[in-house]
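K.L.:
Structure provided below as structure tokens; questions to follow.
The values are calculated or read from the model by the stated rules, or taken from the named source; none is laboratory data. All values derive from a computational prediction rather than experimental measurement. Cβ coordinates were reconstructed from backbone atoms using ideal geometry, including for glycine residues, and neighbour counts include every protein chain displayed. With ligands, DNA and RNA removed, areas are computed over all heavy atoms of the protein, side chains included. Shrake-Rupley method; radii C 1.70, N 1.55, O 1.52, S 1.80 Å.
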Amino acid sequence: MGTKSNLKEVAKLFFKLGSIAFGGPAAHIAMMEDEVVKKREWMTQQHFLDLVGATNLIPGPNSTEMTMHCGHERAGWKGLIVAGICFVFPAVAITMVFAWLYQQYGQLPNVEPFIYGIKPAVIAIILGAVYRLGRKALKNAQLGILGVLTLSACLLGVHEILALFSCGLIGIVWYLIQNSKNNLNSFSPMPLLQVAVSASTLKILWIFLKVGAILYGSGYVLFAFLDAELVSTGLLSRQELIDAVAVGQFTPGPVLSTATFIGWQLGGFWGAIAATIGIFLPSFIFVTILNPFVPKMRKSKVFTAFLDAVNIAAVAVIVAVCVDMGKDTLTDWKTVIIALMSIICVFVFKKVNSAFIVIGGAIIGYLLTFI
């Protein structure tokens, strides 16, 4: 009975987050930390940080993979599957509606007035998570230095995965310099497979299965992969790809719902299903394999040094994302006001659910567009 209750709890939480989680992976993880660590206490802040750091080391959408880790902590392997599906489902369903409208009418509905207010509100939510996770990750001055170096590298344009791995390796070297013991296992990168593609359902599945298996970092890297796989081969126009990415950005949940939109354009309903399964299936497999190893990594002193460094690097990457979002979003007095109001809610009224901050930002943004 307890397991069923836990599964139901997991399903409700991640369906809710999947319905209101705007703003990309950093914002999604911030909302999860608020719900799973702060409010429900399913795990410690340290373990959540370890999972965030570990998730950054494997391919796939980071926030979707974090939902799976959280679901596993609460309800085992069934919770892993339920959390992942429930988080992805709202975005996929909404995207399918947009994909059908786009196919019928050739353009997307105007949702910009609502997104206008959501983006600055999301920045405040991310800052709240950075503050809480940063306090836990910053265990000593050495990690502080690594965090600053990682943030600087990301702001200068270094790829986030390279920055994360480099920080982790420096953490190990630092540990080995201070200690004589040396016991290190290695990670194996996923191979990149190149095959000919066509627009049949199975080929659509294969295209997105490949991308899902090698997609490192945030979902926004997806654009470059799909440009090479689809636009260069003539299966999709560049405008259709741009519109697809736009849909992924203004719908809640993972930006990888872009795949659902493209799948629909290539092969209708079943094409959308094939693309969705293809892009997300590798994440379920990777997380299932990785999850049991995270606590074991903590027991190794060398891996602890690696995880600590990766954790502070992950926080630095989130800060870098927040800085970039701020540059793009805080462009006038209206967005600045929404951001400040949201920051007050996050840091002063700490019990306010992040969902209400997102909804409030959307409403205020909509109203301010008329001024």
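K.L.:
Kindly check whether there is at least one residue in the stretch 65-76 that is over 15 Å from the mean Cα position of the chain (by Cα), in a helix (DSSP H, G or I), closer than 19 Å to Leu133 by Cα and at pLDDT 90 or above.
P.N.:
Residues of the stretch 65-76 over 15 Å from the mean Cα position of the chain (by Cα): 71-76.
Still in the running and in a helix (DSSP H, G or I): 71-76.
Subsequent filtering for residues that are closer than 19 Å to Leu133 by Cα retains 73.
Keeping just the survivors that are at pLDDT 90 or above gives 73.
Yes, there is a match, as at least one residue in the stretch 65-76 is over 15 Å from the mean Cα position of the chain (by Cα), in a helix (DSSP H, G or I), closer than 19 Å to Leu133 by Cα and at pLDDT 90 or above.
K.L.:
Grab the helices (runs of 4 or more DSSP H) fully contained in the stretch 235-350, keeping just those with 1 or more residues being touching a Cys at 6+ places or on another chain (Cβ under 7 Å), of a type in the set (Val, Ile, Thr) and within 30 Å of Leu149 (Cα to Cα).
P.N.:
Answer list for the stretch 235-350: 301-329.
K.L.:
So, in the stretch 309-353, of the ones that are at pLDDT below 85 and acidic (Asp, Glu), which residue ends up farthest from Ser63 (Cα to Cα)?
P.N.:
Asp328
K.L.:
With the condition kept exactly as written, say whether any residue in the stretch 275-286 is surrounded by fewer than 19 Cβ atoms within 10 Å (Cβ to Cβ) and not hydrophobic (A, V, I, L, M, F, W, C).
P.N.:
no
K.L.:
In the stretch 7-40, what residues are more than 18 Å from the chain's Cα centre (by Cα) and open to solvent by 40 Å² or more (accessible area, probe 1.4 Å)?
P.N.:
If the condition is that a residue be more than 18 Å from the chain's Cα centre (by Cα) and open to solvent by 40 Å² or more (accessible area, probe 1.4 Å), then Lys8, Glu9, Lys12, Lys38, Lys39, Arg40 are the ones that fit.
K.L.:
Turning to a different aspect of this structure: Under 9 Å between Cβ atoms, which residue pairs at least 6 apart in sequence (or on different chains) link something in the stretch 130-153 that is farther than 22 Å from Ile177 by Cβ with a partner that is of a type in the set (Phe, Trp, Tyr) and open to solvent by 40 Å² or more (accessible area, probe 1.4 Å)?
P.N.:
That search, which allows pairs on different chains as well, returns Tyr131/Phe347.
K.L.:
Still on this structure, please answer the following. Looking at the stretch 288-304, can you tell me whether even one residue there is over 15 Å from the mean Cα position of the chain (by Cα), open to solvent by 50 Å² or more (accessible area, probe 1.4 Å) and among the polar types (S, T, N, Q)?
P.N.:
Yes; the residues of the stretch 288-304 include at least one that is over 15 Å from the mean Cα position of the chain (by Cα), open to solvent by 50 Å² or more (accessible area, probe 1.4 Å) and among the polar types (S, T, N, Q).
Let's see how each residue does on (1) more than 21 Å from the chain's Cα centre (by Cα); (2) surrounded by 24 or more Cβ atoms within 10 Å (Cβ to Cβ); (3) assigned to a helix (DSSP H, G or I); (4) small (Gly, Ala, Ser):
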| position | (1), (2), (3), (4) |
| --- | --- |
| Trp42 | no, no, no, no |
| His47 | no, no, yes, no |
| Val88 | no, yes, yes, no |
| Trp100 | yes, no, yes, no |
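K.L.:
Right, next: So which residues in the stretch 147-170 are open to solvent by 10 Å² or more (accessible area, probe 1.4 Å) and either in contact with a strand residue (DSSP E or B) (Cβ under 6 Å, 6 or more places away or on another chain) or closer than 16 Å to Thr304 by Cβ (or both)?
P.N.:
Matches in the stretch 147-170: Leu169, Ile170.
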